[in-house]
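Contents: one structure, followed by commentary.
What follows is calculated from the coordinates using simple rules that are stated; it is not laboratory data. What you are looking at is a predicted structure, and each value in this text was computed from that prediction instead of being measured. Cβ coordinates were reconstructed from backbone atoms using ideal geometry, including for glycine residues, and neighbour counts include every protein chain displayed.
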Amino acid sequence: MFEQSFKNIDDILRTDSGCATELDYVEQTSWILFLKYLDDLEETKKTEAALAGKKYEYILSPEYRWNTWACPKNGDGKLDHNKALDGDDLKDFVNNKLFPYLKKFRAEEPNTIEYKIGEIFHELKNKIVSGYTLRKILNIVDGMHFRLYEEKHELSHLYEAKIKNMGNAGRNGGEYYTPRPLIKTIVKVVKPKIGETIYDGACGSAGFLVESYNYLMQNKSTLSSGEMERLQNKTFYGKEIKSLAYIIGIMNMILHGIEAPNIRHMNTLSENINDIQEKDRYDVVLANPPFGAGIGREIQQNFPIKTGETAFLFLQHFIKILKAGGKAGIVIKNTFLSNTDNASVSLRKLLLENCNLHTVLDLPGGVFAGAGVKTVVLFFEKGAPTKKVWFYQLNLARNLGKGHPLNENDLAEFVELQKTKADSGNSWSEDVKNIDQKTFDLSVKNPNKNDEVVLREPKDILKEMRKLDEESGNILSNIKKLI
């Protein structure tokens, strides 16, 4: 229904000087789609109220509703060109009236549409320079609807594709995109249940929350009204610091069926983890926190284990915010397993003593396009110390990259073997009592791999080099004698 519409919007945005990348295309498409979604939602609620014999109170004032400023209709239900703003008039209205009006919305509860409106438009701005360009896009979006299941399903599918393209557009975009096959696999292994709360403190485009919602919907044939209400309002929670990622995350969840996502626009690491109370904790944590050093001392003071590595601070946060008995699946750099600095050692000790780290999935390079780092996935449950860790090393017959991305079939063996923690050519178990109790080194060393090259000692390499130098010298001497 809408694939061509999305392509047409991108083609139009490419002609506008204010939009240069896929990041811009997604951002600008998102705020327009959001306002169209809001209009459809209000009309649906108005109809429901009328059927119940009640009067519906609109969220937006009349002049800021979609059918007033974006696409006013005539008696035939078609665009009224006499009333529809265009060119500079449209651009001036959007920049000087619409956005300032929407920025003023605020609400205490994050799971309300009012809160979402205020947060989305507080820092967002219209980057579309030409009002004529904007008019073309509004006309296309006006033909999209958020009411029928089939419409929402296709829109969500296409929006996911746009997020993936954005993730390949550059480093900033890639921070928001985790390959969906990996997310789906992590969710399958963690097995969230209806009634549990699910949290991602670095949610980006909300992939983990969306796939958790899909998993819960697919694994139960019928849902009671109470279960559906709980899924909508009291199941999915997230935090995101970056404005664009926050907007995309909200839109992604809305298009997948969560009307008012509990995603907060904030810096998760600014919260002192000692202030986390039982009421703040969650049953399930699923996340791929950002990697990289450079966190200032002020933020580090919020954590008992001081480090400039972002992901290590997030891991402390996730352990603290899990309920006792809670489950987690966390993506992290593979160097976490073996680094010998004080923070890494202390964090591994904390994890092993406070949680049951039952599974480590070792991923090959290339899983994250353009990231240039190898990663592992830590699966653990809080409340009991680790006794045994089951490792699985994903060995593929091809190199991963943009043309050969990770797929669910690649991870099928892992999912099956993980159920029983079975040994295989790619999997094995380690007793924690057998690891170094000073460094808590958890390096992935597959005992079943006999074809790996054994690295020589430096002194042996130097000896070989001297031998080769001597042979080269003898050859040169013989050549000189012949000349």
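Things to note:
- Couplings 3J(HN,Hα) for region 395-412, derived from phi with the Karplus relation 6.51 cos²θ - 1.76 cosθ + 1.60 (θ = phi - 60°), are 10, 10, 7, 9, 7, 7, x, 4, x, 9, x, 5, 10, 5, 4, 4, 9, 4 Hz, where x marks Gly and Pro.
- In the chain, excluding the sites themselves, the longest stretch lacking any of the GluC sites (Glu not before Pro) that are in a DSSP loop with at most 12 other Cβ atoms within 10 Å is 109-451.
- Which listed pairs, of Lys191/Lys402; Lys234/Lys382; Lys234/Lys323; Lys7/Lys104; Lys45/Lys73, have C-alpha distances above 23 Å, in listed order: Lys191/Lys402; Lys7/Lys104
- ³J(HN,Hα), Karplus 6.51/-1.76/1.60, whole Hz, each residue of region 220-232, x for Gly, Pro: 9, 5, 10, 10, 6, 4, x, 5, 5, 5, 5, 4, 5
- Once the Cα gyration tensor of the chain is diagonalised, semi-axes √(5λ) in Å: 49, 29, 21
- Region 1-140 - charge dipole about Cα centre, Lys and Arg +1 at Cβ, Asp and Glu -1, debye rounded to 20: 320
- Counting only DSSP beta bridges with both residues in the chain, the antiparallel share comes to about 50 percent.
- Dipole in debye (nearest 20) - the chain, about Cα centre, beta carbon charges: Lys, Arg +1; Asp, Glu -1: 820
- Counting only residues at least eight positions apart within a chain, or on another chain, the aspartates and glutamates with an alpha carbon under 15 Å from that of Lys306 are Glu271, Glu298, Asp341.
- Expected 222 nm ellipticity per residue - DSSP helices of 4 or more, -39500 (n - 2.57), all of the chain, to 500: -13500 deg cm²/dmol
- Qualifying lysines (Cα of each under 16 Å from Cα of Lys433; at least 8 residues distant if same chain): Lys349, Lys387, Lys388
- Low-density loop positions, trypsin sites (Lys or Arg not before Pro), region 392-443 - DSSP coil, at most 12 other Cβ in 10 Å: Arg398, Lys402, Lys419, Lys438
- Reciprocal of mean inverse Cα separation for region 178-332 (Kirkwood radius, Å): 15.8
- With respect to the chain, whose longest principal axis is taken over its alpha-carbon atoms, helix 113-123 is tilted by about 70°.
- Shape call, region 172-434: gyration tensor on alpha carbons, a/c limit 1.5: rounded
- Dipole magnitude for region 172-434: computed about the Cα centre from +1 point charges on Lys and Arg Cβ and -1 point charges on Asp and Glu Cβ, it is near 200 debye.
- Order of Cys203, Cys355 under a 10 Å beta carbon neighbour criterion, fewest first: Cys355, Cys203
- Which of Gly403, Leu158, Gln301, positive extreme of dipole for the chain (C-beta unit charges): Gln301
- Counted residue by residue at 0.36 nm each, then reduced by the alpha carbon distance between them, the extension gain from Glu227 to Lys191 reaches 11.3 nm.
- Between helix 458-482 and the chain: long-axis angle, C-alpha atoms, 0 to 90°, nearest 10: 70
- The chain: angle of helix 3-14 to the longest principal axis, Cα-based, in degrees nearest 10: 90
- Positive-end residue, the chain charge dipole about Cα centroid, Cβ charges, pick of Leu255, Phe391, Gly326: Phe391
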